[in-house]
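FYI, it's all coordinate maths here, none of it is from the lab. Being a predicted model, the structure only gives us computed values, none of them experimental. Cβ atoms come from the backbone with ideal geometry, glycine included; neighbour counts cover every protein chain shown.
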Amino acid sequence: MGIIIWLEEQWPKSTIFLALYGALFLLLFAADEGAALLLLWLQLPVYWLHQFEEYVYPGGFVAVFNTQMLGSSRTDWPLTKRESLWINLPLIYVAFPLAAILAGSAGLAWGLWIAYFSVLNALSHVGMAFRLGYNPGLVVSLLLNIPVGAFTIWYFATNDLVSGSTHLVSLLVSLAVQGGLMVWGLKYLRARAAAERK
């Protein structure tokens, strides 16, 4: 359990280094693999920068989400550091690179959903901004997630790199993942916060 507690506290601090070294690695070693695959891999360092803004500088996403979105009186509940870890770990540290690896080995169609997800998740921060104003993750969403993700989708579409059905499936997969996160966050966690207030 000690390693889990340590990870809960420390994992966000790795994101800035992963983003910088990941981007450098892509420029040095992955550029020769073609623009399409490079764009898919680029979603990963972009998302690490997004997480850095959310959890490290200025940070505070968990507290903002709990108090302002869920109406909790506590900054550390019902969304906890542990749940933040287990949301991000399988999605960004496993599914994103696995999709990019499959895109390089089995076909580009396997990786396009990560660009769609990056845009959709960023748009959720924009949606939150209409209610809250600035929220951690908004700046990188506007400056990187949306432009890089949208350009990737546009590049794939204008160069006919995958079929129209692949775009549709990629969009639906990303909608399912983002929708699942939003239902869990805004319905299940909000219910937990409401139960606390009774």
- Item | Peptide ranges 38-47, 138-147 listed from the most packed, as the mean C-beta count within 10 angstrom indicates | 38-47, 138-147
- Is it possible to state the helix-based mean residue ellipticity at 222 nm for the chain, with each DSSP H run of 4+ residues giving -39500 (n - 2.57), the sum divided by total residues, to the nearest 500 deg cm²/dmol? What is it? -20000 deg cm²/dmol
- Cα convex hull of region 34-83 - mean projected area over all directions, nm²: 4.3 nm²
- Roughly speaking, what is the centre-to-centre gap between region 20-75 and region 135-176 when only Cα atoms are used, to the nearest Å? 15 Å
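What number results when the radius of gyration of the chain, computed over Cα atoms, is divided by 2.2 N^0.38 Å?
Here the Cα radius of gyration is 1.05 times the empirical estimate.
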- Message: To test your reading of the geometry: what angle, between 0 and 90 degrees and rounded to tens, separates the Cα axis of helix 146-158 from the longest principal axis of the chain?
- Response: 30 degrees
- Note on the structure: Along region 161-166, Karplus-curve 3J(HN,Hα) (6.51, -1.76, 1.60; θ = phi - 60°) to the nearest Hz, with x for Gly and Pro, reads 7, 9, 6, x, 5, 5
- Query: Against the longest principal axis of the chain, how steep is helix 15-25, in degrees 0 to 90 to the nearest 10, with axes from Cα atoms?
  - Reply: 0 degrees
